[in-house]
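Okay, structure first, notes after.
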Amino acid sequence: MPGAMEDRRVIAKKIASWFHDGHVINLGVGVPILVADYITDNVVIQSENGLLGVGEAIGGLEPEAPYFNAAGATVSLIPGASVFDITTSFGMIRSGRLRATVLGCFEVSQFGDLANMARPGSYPGMGGAMDLVSGIDNVIVATDHCTRDGKPKIVAACTLPLTGVGVVKTIVTELAVFTVSRTEGLTLVEHRAGVSVETIRAKTGAPFRVADNLKEM
Amino acid sequence: MISKRFSREEIIAQFHDGQTIMTGGFSFHGCPELLFDALVESGARHLTNIALDASAARLMHLGIFDRVIIAHAGSVPENLALMASGKIEVEFCPMGTLAERIRAGGVGLGGVLVKTGLGTVAEKGKERITFQGEEYILESALRADISLVRAATADHYGNLTYAGTARNANPVIAMAGDLTIVQADRFVPLDEIPPEHIVTPGVFVDMILDHETGGGC
């Protein structure tokens, strides 16, 4: 059942469990934004349009509301939040102030190449995604394991235009958690309860090693 | 101190065919909509638009831009079709890099060195530079004939503050225009804005639209 909301919440909960007091993170649209529902109180969400300390999404497109996130949705702010211009925003991204960025993908390769900005025949531009993957050390991909028509999103080599080369450190799907090495490729470190390594191999378009201490998600 | 308030007619007279126009705004938030209207009314054509995204999308549909330099075209199908058809020439630039190119143009620098986009389409046609042992893309500074800015508050001298995330690229765009024109939500006497709260010093501002701020804006 690719894309089921319950599966996506499994992904979001897993990723949220890695962040602690004081960590600053940036969340992309799609599955990544669900991580916000599970983080602890003292994790701070940055939005690249110029917000540090994003609270809850409180509405849709209201042009005169004071605070928006990068996806254009009205948001509240947490106490201690700040608002700033776009150069300050990407300045904190490029200079290593963020603990992690969580992004979706169309394809991610075994060596951490990320393609998340263009489907075949449609290229709306890279937005801030290239800056995020270039400037933030810990790039986490949160994605359905396969496309709607069952094709692997984790591939040997990407065919779509790249957002970044060798940038992804971790991949989390509803079936598995992989660590990614730019030189060594994929290692399966966690699997969903009841999902065998063979099932994961069948749905993954690239080879991977299995960690000695493989755990359940 | 001189007043920089000008009538709508005086502002319309500034626009001419072939100009490069920078516009503030992100996800349709913080756009100088009244100045967009003035630009349309001027009848100027064959313009280049520099902006973070397609927040000036309604102008794109009118065919007044030959070229746009943006980070993301949004998801408006008509925009994507216009770009795909070649009726509008598009240069996509990573958002953080675009912001720094604009800032560089505004503060008297020739360009900036960035790591963002190394090995991707963002590097195409650009020079790669090794500096102090690190690889960078050399990105050129950007300036505009006219910058259109949305502010929350302006005084006679053109000192500006911004509201919430409507700030986005407006402060750097205000610095990068040969002629910078401002739409402010509120017009205040000199000395009403505490000097240390001014975000854009008036030296960067040339004209402020004289309009009724009692309602609707």
For chain B, build the charge dipole from Cβ charges (+1 Lys, Arg; -1 Asp, Glu) around the Cα centre, then report which of B:Pro189, B:Asn170, B:Val112 sits farthest towards its positive end.
-> B:Val112
Antiparallel content of DSSP bridges confined to chain A, in %, to 5 = 50 percent
Go through the range B:106-137 and name the trypsin sites (Lys or Arg not before Pro) that are in a DSSP coil and have 10 or fewer other Cβ atoms within 10 Å of their Cβ.
-> B:Lys124
What is the magnitude of the charge dipole of the range B:50-128 about its Cα centre, with +1 placed on the Cβ of each Lys and Arg, -1 on the Cβ of each Asp and Glu, and no other charges, expressed in debye to the nearest 20?
-> 160 debye
Cα centre as origin, Lys/Arg/Asp/Glu Cβ charges: the protein assembly as shown dipole, Debye = 1320 debye
Total formal charge among the other residues, if their Cβ is under 10 angstrom from that of B:Ala152, Lys/Arg +1 and Asp/Glu -1 | +2
Among the GluC sites (Glu not before Pro) within the range A:1-108, which fall in a DSSP loop and have no more than 16 other Cβ atoms within 10 Å of their own Cβ?
-> A:Glu64
Working from Cα positions, state the angle (0 to 90°, nearest 10) between the long axis of helix A:5-16 and the longest principal axis of chain A.
-> 70 degrees
B:Arg45 and A:Arg97 label points (each 7 Å along its Cα→Cβ direction) are spaced in nm at 4.6 nm
Rh_Kirkwood(the range A:4-216) over Cα pairs, Å, one decimal, evaluates to 17.6 Å
May I ask which of A:Lys14/A:Lys215; A:Lys151/A:Lys215; A:Lys14/A:Lys151 have a Cα-Cα span longer than 19 Å here?
-> A:Lys151/A:Lys215; A:Lys14/A:Lys151
To the nearest 20 debye, what is the magnitude of the charge dipole of the range A:4-216 about its Cα centre, counting +1 on the Cβ of each Lys and Arg and -1 on the Cβ of each Asp and Glu?
-> 560 debye
Given the pairs B:Lys4/B:Lys87; A:Lys203/B:Lys126; A:Lys13/A:Lys153; B:Lys4/B:Lys124, which are separated by over 31 angstrom at their Cα positions?
-> B:Lys4/B:Lys87; A:Lys203/B:Lys126; B:Lys4/B:Lys124
Two-site label geometry, B:Ser75 and A:Lys13: point separation in nm, points 7 Å out along Cα→Cβ | 2.7 nm
If a/c stays under 1.5 just call it rounded; otherwise compare a/b with b/c (prolate if a/b is bigger, oblate if not). Do that for the protein assembly as shown, with a ≥ b ≥ c from the square roots of the Cα gyration tensor eigenvalues.
-> prolate
Choose one of B:Thr180, B:Asn79, B:Gln132: the residue whose Cα lies farthest towards the positive end of the charge dipole of the range B:68-217 (beta-carbon charges +1 Lys, Arg; -1 Asp, Glu; about the Cα centre).
-> B:Gln132
Using R₀ = 22 Å, calculate the FRET efficiency as 1/(1 + (r/R₀)^6) where r is the Cβ-Cβ separation of B:Glu134 and A:Glu184; round to 0.05.
-> 0.35
Accessible surface of the protein assembly as shown [probe 1.4 Å, protein heavy atoms]: carbon and sulfur percent | 52 percent
Two pseudo-spin positions, 7 Å from Cα along C-beta at A:Ala71 and at B:Glu91, lie apart in nanometres by 3.2 nm
Does the range B:44-85 come out rounded, prolate or oblate by the C-alpha gyration tensor, with a ≥ b ≥ c the root eigenvalues, rounded set by a/c under 1.5 and, if not, prolate when a/b is larger than b/c and oblate if not?
-> oblate
Enumerate the residues in the range B:9-52 having an amide nitrogen under 16 Å from the point lying 7 Å beyond the Cα of B:Asp210 toward its Cβ.
-> B:9-14
Only helices counted: for chain B, with every DSSP H run of 4 or more residues adding -39500 (n - 2.57) and the sum spread over all residues, [θ] at 222 nm is -5500 deg cm²/dmol
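The values are calculated or read from the model by the stated rules, or taken from the named source; none is laboratory data. What you see is a predicted model; the values in this text were computed from it and never measured. Neighbour counts are summed over all protein chains in view; Cβ atoms, including those assigned to glycine, are modelled from backbone coordinates with ideal geometry. For the accessible areas, the whole protein counts, side chains as well, though only heavy atoms, and no ligand, DNA or RNA atoms are used. Shrake-Rupley method; radii C 1.70, N 1.55, O 1.52, S 1.80 Å.
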